[in-house]
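Trainee: One structure is given below, represented as structure tokens, and several questions about it will come after.
The values are calculated or read from the model by the stated rules, or taken from the named source; none is laboratory data. As the structure is a prediction and not an experimental result, all values here were calculated from the model. Cβ placement follows ideal geometry from the backbone for every residue including glycine, while neighbour counts extend to all protein chains displayed. Surface accessibility is based on the protein's heavy atoms, side chains included, excluding ligands, DNA and RNA. Shrake-Rupley method; radii C 1.70, N 1.55, O 1.52, S 1.80 Å.
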Amino acid sequence: SDVLLYAKGIADSMKLNVKIHETKISTLAVQGPKSLDVMKKVFGNEISKLKFFNFNYFKFEGIDFMISKSGFSKQGGYEIYVENLKSGLELYDYIIKIGNEFNLKPGCPNVIERIEGALLSYGNDMDNNDNPFECGLDKFVNLESNIEFLGKKALQRVKLEGIKRKLMGVKINEKNINLTSELKLVNENKETIGYLRSAVYSPRFKMIVGIAMINRDYCKVSQNFKVNINNKEVKGLVCALPFN
């Protein structure tokens, strides 16, 4: 979605009459503290030179696979981009086979770890209706250079006027949640203070933790709120990200 937005921006700024679509690529992630050991057995020691958020091409059975050192894991890991389905399935089977040595198992992204570590998910925690200042991504925005880009004037205005809301962490005194859409957070006067965007039960905190977009006046650590979960009103607190 981010590359698609970039392509649409180019098309719009250059007034191009084009049709934009995404290629069909699947992602196979090898994540966790032993991920480097697994990847070296598959692709050789050369992959250990790959730096965080960099990518390169590595061969398996004569087929090139683009691999990046990235993923939704605080312990580190790799993402393999599969273009050829047959080769991708053969690679998956081989990784599972040699992974027995490391107790490797099939899995899915760990939502608990993602939320506790404040690894923001595009489409869940934020989207095109939010700006980077609201999402705590200030350090990635350079408005002082002479380079022009889409949205620069709007971001300069936001920086000058200040943000009206911000992504914050929340802790909720409940154990079960099924979040299919944003949930409204209200204060003791029933005023809306923000919306819950992602949430999960955390065994470490023994309660629900989540990421919410909070209105500026209520972006305070230990701000109280109430939220309706499973037809029950429960209490919660606003907190900083990441969770400590």
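Trainee: Let me check something: with ligands and nucleic acids excluded, how do K69, K51 order by accessible area (1.4 Å probe), largest to smallest?
Mentor: Working: K69 60, K51 145 Å².
Largest to smallest exposure gives the sequence K51, K69.
Trainee: Find the percent of Cα-Cα distances in the chain that exceed 25 Å, and round it to a whole number. Write out the running numbers ahead of the final one.
Mentor: On the way: 16757 of 29646 pairs.
Result for the distance tail: 57 percent.
Trainee: Provide, in order from the shortest bin, the percent of all Cα-Cα pairs of the stretch 74-164 in each 5 Å bin, continuing until the bin that contains the maximum pair distance.
Mentor: Going from the shortest bin to the longest, the percentages are 2, 9, 14, 15, 13, 11, 11, 9, 7, 6, 3, 0.
Trainee: Run the accessible area of the chain with a 1.4 Å probe and give the carbon-and-sulfur part as a rounded percent. Each step should come with its number before you reach the end.
Mentor: Details: 8220 of 16100 Å².
Carbon and sulfur atoms account for 51 percent of the accessible area of the chain.
Trainee: Dipole size in debye (nearest 20) for the chain around its Cα centre, Lys and Arg Cβ +1, Asp and Glu Cβ -1?
Mentor: Numbers: 36 positive and 28 negative charges, 109 e Å.
Dipole size: approximately 520 debye.
Trainee: Rounded to a whole number of µm²/s, how large is the Stokes-Einstein D of the stretch 44-120 at 10 °C and 1.306 mPa s, given Rh as the Kirkwood radius over C-alpha pairs? Walk me through the numbers before you get to the answer.
Mentor: Numbers: Rh = 14.0 Å.
Translational diffusion coefficient: 114 µm²/s.
Trainee: Can you sort Y6, Y92, Y201 by 1.4 Å-probe accessible area, starting with the largest? Write out the running numbers ahead of the final one.
Mentor: Numbers: Y6 155, Y92 90, Y201 70 Å².
I get Y6, Y92, Y201, largest accessible area first.
Trainee: So for the stretch 79-180, averaging the separation of alpha carbon pairs under 8 Å that are six or more residues apart and normalising by length, what relative contact order in percent results?
Mentor: Numbers: 26 pairs, mean separation 19.3, N = 102.
19 percent.
Trainee: Show the residues, 5+ positions off or on another chain, whose built amide H is closer than 5 Å to the amide H of E174.
Mentor: The answer is I208.
Trainee: Using the basic label-point model (7 angstrom from Cα toward the beta carbon), what is the D138 to K15 distance in nanometres?
Mentor: Modelled inter-label distance: 3.9 nm.
Trainee: Quick one: which of K164/K232; K69/K97; K105/K226 span more than 32 angstrom between C-alpha atoms?
Mentor: Values: K164/K232 29 Å; K69/K97 22 Å; K105/K226 39 Å.
Cα-Cα > 32 Å for K105/K226; rest within.
Trainee: Just how large is the dipole of the stretch 24-147 about the Cα centre, in debye to the nearest 20, putting +1 at every Lys and Arg Cβ and -1 at every Asp and Glu Cβ? Write down the numbers at each step before the final one.
Mentor: Numbers: 14 positive and 17 negative charges, 119 e Å.
In total the dipole reaches around 560 debye.
Trainee: Another question about this same structure. Looking only at I177, I20, I47, which one moves most when the chain is put into a Gaussian network model with springs between Cα atoms under 10 Å?
Mentor: I20
Trainee: Amide H of Q223: which non-local residues (sequence gap of 5 or more, or other chain) have their own amide H closer than 5 Å, using H built in the peptide plane?
Mentor: Those qualifying (amide H under 5 Å, at least 5 residues apart or on another chain) are V238.
Trainee: Which stretch or stretches of the stretch 83-100 have amide N atoms under 12 Å from the point lying 7 Å from K41's Cα along the Cα→Cβ direction?
Mentor: 94-100
Trainee: On to the next question. Can you list the residues, at least 5 places off or on another chain, whose amide H is less than 5 Å from the amide H of A29, using H built in the peptide plane?
Mentor: I80
Trainee: Shifting gears a bit: What is the gain in length, in nm to one decimal, between M207 and K232 on full extension, counting 0.36 nm per residue of separation less the C-alpha to C-alpha distance? Let's see the in-between values first.
Mentor: Numbers: separation 25, 0.36 × 25 = 9.00 nm, distance 1.52 nm.
Here the segment from M207 to K232 would lengthen by 7.5 nm.
Trainee: Which log10 I(q)/I(0) values does the stretch 200-244 give at q = 0.16, 0.31, 0.32 Å⁻¹ under the Debye formula, counting every alpha carbon as one identical point scatterer?
Mentor: Taken in order of the listed q values, log10 I(q)/I(0) reads -0.47, -1.34, -1.35.
Trainee: Extension gain R157-T23, at 0.36 nm per residue separation less the Cα-Cα distance, in nm? All intermediate terms of the calculation are to be shown ahead of the outcome.
Mentor: Details: separation 134, 0.36 × 134 = 48.24 nm, distance 3.57 nm.
Net length gain for the segment: 44.7 nm.
Trainee: A further question follows. What are the ³J(HN,Hα) couplings of the stretch 55-70, residue after residue, when phi is run through the Karplus curve with 6.51, -1.76, 1.60 and θ = phi - 60°? Round to Hz, x for glycine and proline.
Mentor: 9, 6, 9, 9, 9, 9, 6, x, 9, 7, 10, 7, 10, 10, 8, 7
Trainee: Please turn the phi angles of the stretch 173-185 into ³J(HN,Hα) values with the Karplus equation 6.51 cos²θ - 1.76 cosθ + 1.60 (θ = phi - 60°), one per residue in order, whole Hz, x for glycine and proline.
Mentor: Karplus values, whole Hz, x for Gly and Pro: 6, 7, 10, 10, 8, 10, 8, 9, 7, 4, 10, 6, 9.
Trainee: How high is the FRET efficiency between T192 and N128 when r is their beta carbon distance and R₀ equals 22 Å, given to the nearest 0.05? Intermediate results must be reported in sequence, preceding the final value.
Mentor: Numbers: r = 22 Å, r/R0 = 1.00.
Given R0 = 22 Å and the Cβ-Cβ separation, E is 0.50.
Trainee: Computed over the Cα atoms of the stretch 1-76, what is the ratio Rg over Rh, Rh following Kirkwood?
Mentor: Numbers: Rg = 16.5 Å, Rh = 14.9 Å.
On the Cα set of the stretch 1-76, Rg over Rh gives 1.11.
Trainee: Additional query: For the stretch 96-113, take each phi angle, set θ = phi - 60°, evaluate the Karplus expression 6.51 cos²θ - 1.76 cosθ + 1.60, and give the result in whole Hz per residue in order, putting x for glycine and proline.
Mentor: Values, residue by residue: 4, 5, 6, x, 4, 4, 10, 6, 6, 9, x, x, 9, x, 7, 5, 4, 5 Hz.
Trainee: Please work out how much accessible surface R157 shows to a 1.4 Å probe, ignoring ligands, DNA and RNA, in Å² rounded to 10.
Mentor: 130 Å²
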